[in-house]
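Written out below as structure tokens is the structure these notes cover.
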Amino acid sequence: QFIQKYANHPTYIPPRGPELNAKNWQAEAALRMFLNNLTDEVAEAPADLVVYGGTGQAARTPEDARNIIEVLLELEEDESLMVQSGKPVGKVRTHPEAPRVLIANSNLVPHWATWEYFNDLRKRGLIMYGQMTAGSWIYIGSQGILQGTYETFAACGDRYFNGDLRHKLLVTGGLGGMGGAQPLAATIAGATFLGVDVDPDRIKKRLDTRYIDKMTHNYEEAKQWVLEAKERGEAISVGLVGDIGDVLERLIADNITPEILTDQTSAHDPINGYVPNGLSLQEAKELRQQDPAKYKVLSLKSMARHVGFMLELQRRGSRTFDYGNNLREFAQQGGEANAFNIPGFVPEYIRPLFCQGKGPFRWAALSGDPEDIRVTDEALKELFPENTHMIKWLDEAQEKVAFQGLPCRICWLGMGEREKAGLLFNQLVREGKVKAPIVIGRDHLDCGSVASPYRETEGMKDGSDAISDWPLLNLMSNTAGGATWVSFHHGGGVGIGYSQHAGMVILADGTERAERCLRRVLHNDPAMGIFRHADAGYEAAQENARKFGLEL
Ligand code: NAD
């Protein structure tokens, strides 16, 4: 009956309300968030179980999805389900303060960690791509990355434009699951925005969820709209259907130099993600099937051309940065020797935040009631009245963010703040101020949970970029501390071979058990970020370790 109602492939619906379907709230939370990842409003392609990021899946096959649900419905508080790349493989005996679900996605022994090897295993049904929050069941739609993107654009504004992005044009490619957050983040930050995507359906989805203001197939029309808006200092966003390389070429020819330039096409996957220049969507789909090797050659060549235009605009003055999709590496492989002259966004804008244990703290109201999120927003504003940046963000988000699936919120919080916020949410549940428990989680893109030399750990001070002991320690500390589900993935936003990272989600159900777990996990998790950066020699992190009494 439950399967019929909530998981009738390809239609997945998270249950809402205060009643349990599973035997306890820990399993119920995992169940609701798993279904939420796959629900129409959230997932990019529910029929393929793809949540976001090109091929990032929540479960390997529809049958695996059904099996996961069946196990979660029966799971006791002294059992934990193990999931191997989207397939439930067994239960182990644990205890109520241990994670209910243990997840490993896309991991390969390093020597074999190539897309070719991975894709072969995937074709044989042995593995799936988990991205970061797709396979770890805490993707919350485009809002998830909205805040991180806003932080990045705002930090760019602070650093180069005196904190004011009015009269500034921001150009980018890719308006998919993650990239679709860019137009709203840019307009909240005050900029005029032009985003380019080859797939008109992707842009339409952003129009429907109010993440973008206007759409056109016509370059001249888009150009006119954004130039007029920029002149007036109007923060509007325009989605243009086309190949990003072609559009950058035309901007150069027209002598238009955007102040800010980046990219979020799914470049991390040269075969199943990026669409080569000159191919229609249908042609690309066919070539992927018929001749993936040829597709890859075309894809790398197109990325080299694309990055060549980005470098030209950088020379002309655009503040240009890589936005975490591994575009530079594949452009280099495609023949653009100077691709890495474009800096990554983490060393440019985010690392100072990581040194404070700051990162993407997110939560979902399992009740399904948007009012519960409003209650948490207000409670946070009261808890941190001095954090004006957070308050501005929460106000903007309340007004501009349309919820997708279960109502969720995200804001970046640091060491100390995350623990306080988690305990506050537990109290709100206990006192009945919200209608059902709340889950708290985060992206794997965080201060202490990822090794990714072309993104989160690019250019570390001590050269420790590629050491993945750190995310493993993070996984182990969150498992030992009692997160409700934990995960360890390979690949993420930059692709197979390029990163390893850990995720965690923890339940606030108002109980004392939850309180003990929250105190441990929401302390340890950001502390890992401070340890990691202090150990690498960042003085700000060493200072923060002292400030928070962390023993190094
Ligand atoms: P997605 O697959 O949902 O969207 C990618 C979009 O790029 C698609 O809409 C596709 O049509 C478009 N595209 C592909 N080739 C194109 C071309 N030549 N010209 C114009 N458009 C083209 O992926 P997503 O979830 O939006 O993620 C985008 C990228 O960002 C991925 O590589 C992902 O791994 C990475 N990522 C970055 C971060 C971050 O924090 N910066 C976080 C998560 C993911």
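Taking the stretch 50-63 only, how many residues are within 14 Å of the ligand (Cβ to nearest atom) and out of contact with any helix residue (DSSP H, G or I) (no Cβ under 6 Å at 6 or more places or on another chain)? Count: 7. Filtered by the rule that a residue be of a type in the set (D, E, K, R) and closer than 26 Å to T55 by Cβ, the stretch 85-102 gives a lone residue, K87.
Based on what the data block shows, is I256 within 16 Å of the ligand (Cβ to nearest atom) and among the hydrophobic types (A, V, I, L, M, F, W, C)? No: the conditions fail for I256. Among residues of the stretch 373-385 that are farther than 19 Å from L406 by Cα and assigned by TED's automatic domain parsing to the domain that holds R16, those with a beta-carbon under 6 Å from a residue that is modelled with pLDDT of 95 or more and part of a helix (DSSP H, G or I) at least six positions away or on a different chain give the pairs A379/L424; L383/L424. Kindly provide the set of residues from the stretch 290-330 that are away from the ligand (no atom under 14 Å from the Cβ), within 20 Å of T114 (Cβ to Cβ) and of a type in the set (A, V, I, L, M), ordered by number. Within the stretch 290-330, A293, V297 meet the criteria. Filtering L475, L413, L406, L445 for residues that are under 30 Å from I68 (Cα atoms) and touching a Phe, Trp or Tyr at 6+ places or on another chain (Cβ under 6 Å) leaves a single hit, L475.
Taken over the stretch 313-337, the residue count meeting the criterion of being touching a helix residue (DSSP H, G or I) at 6+ places or on another chain (Cβ under 6 Å) and more than 20 Å from I496 (Cα to Cα) is 5. G422: touching a residue at least 24 places away in the same chain (Cβ under 8 Å) and in the same structural domain as R319 (by TED's automatic domain parsing), yes or no? So G422 does not fit the description; no. Scanning the stretch 241-270 for residues that are under 24 Å from the mean Cα position of the chain (by Cα), more than 25 Å from E396 (Cβ to Cβ) and surrounded by 23 or more Cβ atoms within 10 Å (Cβ to Cβ) turns up I244, T265, S266, A267, H268, D269, P270. Taken together, G368, G405, G422 contain a single residue that is touching a Lys or Arg at 6+ places or on another chain (Cβ under 6 Å) and either closer than 30 Å to L550 by Cα or not aliphatic (A, V, I, L, M) (or both), which is G368.
Cβ separations smaller than 6 Å between residues 6+ apart or across chains give no pair from the stretch 205-219 residues that are outside the structural domain of G176 (by TED's automatic domain parsing) to residues that are basic (K, R) and assigned to a loop (DSSP other than H, G, I, E, B). Being surrounded by 13 or more Cβ atoms within 10 Å (Cβ to Cβ), among the acidic types (D, E) and closer than 22 Å to L353 by Cα is the filter here, so list the residues in the stretch 368-394 that pass it. Selection gives D377 alone. For the criterion of being surrounded by 24 or more Cβ atoms within 10 Å (Cβ to Cβ), at negative phi and not in a loop (DSSP other than H, G, I, E, B), I145 passes.
Matching residues to (1) part of a loop (DSSP other than H, G, I, E, B); (2) touching a residue at least 60 places away in the same chain (Cβ under 8 Å):
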{"residue": "L472", "(1), (2)": "no, no"}
{"residue": "I496", "(1), (2)": "yes, yes"}
{"residue": "V505", "(1), (2)": "no, yes"}
{"residue": "G510", "(1), (2)": "yes, yes"}
{"residue": "L518", "(1), (2)": "no, yes"}
{"residue": "D525", "(1), (2)": "no, yes"}
{"residue": "M528", "(1), (2)": "no, yes"}
{"residue": "F531", "(1), (2)": "no, yes"}
{"residue": "A541", "(1), (2)": "no, yes"}
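The residue list I138, I145 contains one member that is at pLDDT below 95 and aliphatic (A, V, I, L, M), which is I145.
I'd like to check something: does the stretch 107-118 contain any residue that is crowded, with 24+ Cβ neighbours inside 10 Å, under 21 Å from S477 (Cα atoms) and not hydroxyl-bearing (S, T, Y)?
No - not one qualifying residue is present in the stretch 107-118.
Quick check, is D158 of a type in the set (D, E, K, R), away from the ligand (no atom under 13 Å from the Cβ) and at pLDDT below 95? Here the answer is yes, as D158 does meet what is asked.
The values are calculated or read from the model by the stated rules, or taken from the named source; none is laboratory data. Nothing here was measured: the structure is a model prediction, and the numbers come from that model. Don't worry about glycine lacking a Cβ; one is built from the backbone with ideal geometry, like all the others, and counts go over all protein chains shown.
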